[in-house]
Structure formats: structure tokens, C-alpha cells
Amino acid sequence: MLQINQLKLAVEHSEAELKRKIEKELALKRIFKDTLNFSYKILRKSIDARRKPDVLFIYTILVDFNDETIEKKILIKCNNKNVSIYNPTIFKPYYNINHCCDKSPVIVGEGPCGLFAGLILAYAGLKPIIIERGDRVAERVKKVEKFWQTGKIDDNTNVQYGEGGAGTFSDGKLNTLVKDKTGKNQYVLDTFVKFGAKEECAYDAKPHVGTDILETVVKNIREEIEAYGGNVLNLHKMTDIVIDDGKISGIVVENLNNDEQDRSVIINTEDVILAIGHSARDTFDLLYSKGIQISQKNFAVGIRIQHSQKMIDDSQYGKGHSEKLPPSPYKVTNHTTNGRDVFSFCMCPGGYVVNASSKNGCTCINGMSYEDRSSGNANSALIVAIDRQDFNSDHPLAGVYLQEKLEKKTYEIGNGKIPVQLFGDYEKGVLSSSYNSVEPKFKGDTAFANLQEIFPKEINEAIIESINKFGYTIEGFDDKDSIIAAVESRTSSPIRINRDENFESNIKGLYPAGEGAGYAGGIMSAAMDGIKVAEAVIRKYEND
Ligand SMILES: Cc1cc2nc3c(=O)[nH]c(=O)nc-3n(C[C@H](O)[C@H](O)[C@H](O)COP(=O)(O)OP(=O)(O)OC[C@H]3O[C@@H](n4cnc5c(N)ncnc54)[C@H](O)[C@@H]3O)c2cc1C
């Protein structure tokens, strides 16, 4: 099969125009007298808005003539540097390996990392047990909607905790900066499509799967794990680990479904994958108290800003751009005069700003969107890099404590609601009294407050300076009516749980993985890390 790179077409192009362009790139009319039959498939599609508003789609196309001789002839005769033989790296999971594992491996956490680790271990025939403190996704959606309406938080089932993990109520951006030579990236994308995400997710340069679709995808992946002999226990929380002679020998699990006095059981196992996410503070405390080696890790904190999506589209695609274009993302970054780095993070086109809190007395926010990204607003976190100097302590969990301090302050000034302010008032440090030209799009109640009270002076200055600077890159970005909310604090894990080349911690058989352990940032990299760690467990048991 042949691969054509850099195939450019106007956004409004038809299917027939794409086919004609393929024929032209391969010089078929020049090389062959008769018309040749071929099939083709999109391998990659991206947007090129450098000549706005004449925006282009750039394709990588796979063309199949079902005849290697013809393909070789075309490759030579078309003399086109963008044409090559298709030679992909395809990731294949182990299937039903012959193994000597008599105790099921246990995965703690059913986020992207835990789900993909579970899938790979199940396919291999190791009958994994997944422990998840939160409810199953259908119930979870109801509980989160209730939280957004009432502000009453469920300690175990919320935006951070529950089946599908933190990524379920999200913008479902499926892109990552992780360089992958193993084909795992494409495998994760294809798996999302196999279990319900739209086909474009397999080839879009910026794939996205809305929260309304993620609910189905997560359920289908869980059912696949169970179909291959896995066992998923929701509303089961790991409350302790059992260590014998430097090795893991079991975990203590509390069954939250059960109202009886003693609802804890011990699950004996020699392999525990810790896929607990960046918000598992009580479990971080437990692991630290058990002597698991943990180190501080840099992260970032800040605010989330909202603009009208139309303003962003006009700026990114040019006024009068095609309506065929999806709501536009943006990426901005600034090194401030006071030496801070401020950058946009988890930008949500056509999304909502959500109350993403997971603990009473602490308020944090994030962004999410539905499949159609039709809220009419664009929002993004604008965050400032935080490092050990800001922690004011050498304690491995100091970053967690700093997050909590900011979130408690946020809870206080918002009175348990999401504190909001117009940019113009934030600049002046005065309260807003009403919204103006930008319509608010939130999930969860809001309250006007002065957000400057949350952060140290230099952080506020860095954010304000950067918003004004971004107004030069994106027209209207610094509009005084832009809506600001806080606090964006769960940007990545504030800790790293140390692991060696076998992915094991200082306790043998305990495998820290995913975002919480500090080895991933986002849905894709968490899923890929879950696969890597599962493969390490499989290699341990695979009989020669
Ligand atoms: C609102 C929001 C929007 C986001 N948007 C995006 C996006 O668009 N794109 C993107 O790439 N990333 C996004 N992210 C980040 C992404 O969700 C995470 O990077 C990803 O989910 C990390 O996966 P994980 O499996 O490592 O951990 P999580 O997904 O955090 O999963 C960890 C799971 O472990 C469970 N757990 C923790 N402790 C215990 C215990 N003691 N016992 C049992 N279970 C336990 C938790 O309940 C949780 O379900 C978003 C996050 C949020 C909150």
C-alpha cells in the first residue's frame, strides 16, 4: 500500500475532489492509460490556518491498489517525495499467554491508566481485579450532575473519582506530546473508536471525544475486560497495603456498597498497579506512611478564562472562515517580566468551566465539553509553573499541601461556589457585580469574588501581564468582559512515586503508574503508561 503525505485541500472540498487529488499526486493518468481502481483511507487530518481565512485541510492518505507490483511502479514513476510505501508500527497486545500467575494482579483506579492496564492484562489471560472507589459511570454521571446542582460533594464519586477516572468529565482531548515508536498511541485511539468514539478520533490531529460519548466508551471497555475474565469492583476503596519482606502480598479494600461495621477485606496478590490519579490525596498519605518512596514534582496553578468561541474562531481562522471548521483551539505562552512562565492548558473549544472538586472545603475547577462542542464559549486554563521553591518545604507531599491551601482559600472566597470575576475587575482587584458581553458557561454554582486573594502577588501579576500580552496574538483575548474563574490546581500530579526500570516501586510488586504517580499528563499518556506497566507484569509471568 502507498502513503501520501501533505495532501492539501480547501476546507470546502468534496469527496470527489479528494479522489481526484490522490490520482494527481500519484500521476495515475500519466503512468496508466486505463483508470485504475483503488481504495483509500485517511491516516491523518490536520488544519492549516496560516493563510486565513483560506484554511486548508492537510491529509495523510493510505492508498490500496491491492497489487504490490503496480504500487512499486507508481512509487517510482510518480516521482513525488510525498509518496512512500506504507510501513506502520502496529502495537499488538499479548493474547492468552501461557503463564504461571496464580494470584490475579490488582489494579487500583479505573481511569484511563487502570482501564488500559486492565484491558491488556485481561487479553493476556491474567484475570485482573480492578478496584475503583467511585461508582459505575452511569451512576456517576447522575451524582456529578447532582453535585453541580446542589454543591453537595460525594467523597468517592465526583469529577475526579469514579469509573473512567478524571478524564470522564472532560474535553476528551486525545492528543499527547509523548513520542511513541511502539504504536501504542494509535492503539489507544483505535481502542477508543472500537468502543464508541467517532472514527475521526483515529486520524484527527486533534482528536476529541465528548463527555456524553466517553460515558459509553468507558462502560464498553469495562465490559470487554470482564468478558476476558477481569473483575471490576466499583465503590471499593483501597485503604491499606500489605507488605511482607519488602514485597507486596495484598491490599486492604473497603467495600463502600456495604453498610456493615467491618466492610474491609484483604485481597491477596503479588502485583498491584497503582493507577490512582493526581487527586488521590488520602492514598498518597497512606503510601507515604508505609514508606513508599515519593518525591516532589513540579506542577502549575492558575485561573480559567472564558471568551466567546466566535471571537476565537475569527481570530484563529480569519473572519468569513468556512462554517465547516470545528470550534478552534488556541495555545498561548508567555515568559513574564517577573520571571514566571504562564501558558494555556487544557483549552476547551465550545466547552464549560466545571467545578471539579473532590473534597469538602476545597474548590478547584477544570474544563469539559460535549461531543458537539456547542456551548458557544471557549475556555482555557492560564497557569503559572510552580516549582520546589514555591513549596517552602522539603516534604515529599508539600506540593499537595500547597494545592490544598489554594483550594481552601478558593472555597472560602467563593463560599463553596466557583469564585468568578471579569478580567477588568481582576486587574484592579475589585469585585464584579454582573457579567457583560461574555455569557457565562459553568457547571456548578458561581459567586463573584476577588480572585487576587487566592494567589501571591507575583502570580496575579504574571497572569494579568500575560492576558494583556495574549491580546496581541488573539484579538479580544484581553477583553475586560472576559470571565475569569479559579482555582485551576489539578493540572498534573504534585508528586512522583519512584519506580525502577521494571516499573516497580521500592516495594517489589507495587507498580506506580499513570498521572497520579507522576508518569503521565492527560488521557492518552495515562493510557499508554497503563499498557507499559501491564506489559511489565505480563513479562514477569510469561512462561518461556
Ligand atoms: C475536568 C477534567 C478535564 C480534563 N480534560 C482532559 C482532556 O481533555 N484531555 C486529556 O488528555 N486530559 C484531560 N484531563 C486529565 C485526565 O483526565 C487525566 O490526565 C487522566 O484521567 C489521568 O488518568 P489516570 O488513569 O492516571 O488517573 P484518573 O483518571 O485520575 O483515575 C484514577 C482513579 O483512581 C481512583 N482511586 C484513587 N484512589 C483510590 C483508592 N484508594 N482506591 C480505589 N480507587 C482509587 C479514583 O477514584 C480515579 O477514578 C482532564 C481532567 C479533568 C478533571
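General remarks:
- Flag if Ser344 is open to solvent by 10 Å² or more (accessible area, probe 1.4 Å), closer than 29 Å to Ser393 by Cα and in a strand (DSSP E or B): yes
- Phe503 fulfils the conditions (1) of a type outside the set (Lys, Arg); (2) in contact with a helix residue (DSSP H, G or I) (Cβ under 7 Å, 6 or more places away or on another chain); (3) within 12 Å of the ligand (Cβ to nearest atom) except for a single criterion, (3).
- Counted residues, segment 335-361 - those being touching a Leu at 6+ places or on another chain (Cβ under 9 Å) and either among the basic types (Lys, Arg) or more than 18 Å from Gly172 (Cα to Cα) (or both): 2
- Tyr411 being touching a residue at least 12 places away in the same chain (Cβ under 8 Å), among the hydroxyl-bearing types (Ser, Thr, Tyr) and either surrounded by fewer than 23 Cβ atoms within 10 Å (Cβ to Cβ) or within 16 Å of the ligand (Cβ to nearest atom) (or both): yes
- Residue in segment 294-301 that is in contact (Cβ under 8 Å) with a residue 60 or more places away in the chain and part of a loop (DSSP other than H, G, I, E, B) present: yes
- A count restricted to segment 206-238 and to residues that are assigned to a strand (DSSP E or B) and open to solvent by 50 Å² or more (accessible area, probe 1.4 Å) stands at 1.
- Qualifying residue in segment 477-486 (condition: touching a Ser or Thr at 6+ places or on another chain (Cβ under 8 Å), over 20 Å from Thr182 (Cβ atoms), within 16 Å of the ligand (Cβ to nearest atom) and in a strand (DSSP E or B)): yes
- Sole residue being basic (Lys, Arg), open to solvent by 40 Å² or more (accessible area, probe 1.4 Å) and in a loop (DSSP other than H, G, I, E, B), chosen from Arg30, Arg50: Arg50
- Filtering segment 125-156 to residues that are within 18 Å of Tyr511 (Cα to Cα), more than 8 Å from the ligand (Cβ to nearest atom) and in contact with a His (Cβ under 8 Å, 6 or more places away or on another chain) leaves only Leu126.
- For segment 409-467, the set of residues classified as in a loop (DSSP other than H, G, I, E, B), of a type in the set (S, T, N, Q) and more than 29 Å from Lys152 (Cβ to Cβ) consists of Asn436, Ser437, listed by residue number.
- Residue that is most open to solvent (accessible area, probe 1.4 Å), among those in segment 360-382 that are under 24 Å from Glu412 (Cα atoms) and away from the ligand (no atom under 13 Å from the Cβ): Asn360
- Index of the failed condition, Asp154 passing every other in (1) farther than 24 Å from Thr491 by Cβ; (2) open to solvent by 20 Å² or more (accessible area, probe 1.4 Å): (1)
- Any hit, segment 269-288, residues being more than 16 Å from the ligand (Cβ to nearest atom) and outside any loop (DSSP other than H, G, I, E, B): no
- Within segment 241-254, if we keep just the residues that are touching a residue at least 12 places away in the same chain (Cβ under 8 Å) and surrounded by fewer than 15 Cβ atoms within 10 Å (Cβ to Cβ), the residue that is farthest from the ligand (Cβ to nearest atom) turns out to be Gly246.
- Residue check for Tyr203: under 26 Å from Glu404 (Cα atoms), of a type in the set (Phe, Trp, Tyr) and touching a residue at least 40 places away in the same chain (Cβ under 8 Å): no
- Residues in segment 99-123 that are at pLDDT below 95 and closer than 16 Å to Glu535 by Cβ: His99, Cys101.
- Residues considered: Lys324, Lys297. Of these, the only one that is over 19 Å from the mean Cα position of the chain (by Cα) and open to solvent by 20 Å² or more (accessible area, probe 1.4 Å) is Lys324.
- In the condition set (1) closer than 23 Å to Asp155 by Cβ; (2) open to solvent by 10 Å² or more (accessible area, probe 1.4 Å); (3) more than 21 Å from the chain's Cα centre (by Cα), Val272 is compliant with all but (2).
- So Val265, is it of a type in the set (Val, Ile, Thr), within 14 Å of the ligand (Cβ to nearest atom), farther than 30 Å from Ile47 by Cβ and free of Cβ contacts under 8 Å to residues at least 24 places away in the same chain: yes
- With respect to being modelled with pLDDT of 95 or more and among the hydrophobic types (A, V, I, L, M, F, W, C), Ile467 fits the description.
- Inter-residue pairs, beta-carbon under 7 Å, first touching a residue at least 12 places away in the same chain (Cβ under 8 Å) and part of a loop (DSSP other than H, G, I, E, B) and in segment 518-534, second open to solvent by 10 Å² or more (accessible area, probe 1.4 Å) and of a type in the set (Ser, Thr, Tyr), 6+ apart: Gly521/Ser492; Gly522/Thr176
- Selected residue (criterion: surrounded by the fewest Cβ atoms within 10 Å (Cβ to Cβ)) from residues of segment 70-87 that are over 23 Å from Arg44 (Cβ atoms) and free of Cβ contacts under 8 Å to residues at least 24 places away in the same chain: Ile76
The values are calculated or read from the model by the stated rules, or taken from the named source; none is laboratory data. Note that this is a predicted model, so its numbers are computed, not measured. Neighbour counts run over all protein chains shown; Cβ positions are idealised from the backbone, glycine included. Keep in mind that these areas ignore ligands, DNA and RNA; they rest on the heavy atoms of the full protein, side chains included. Shrake-Rupley method; radii C 1.70, N 1.55, O 1.52, S 1.80 Å.
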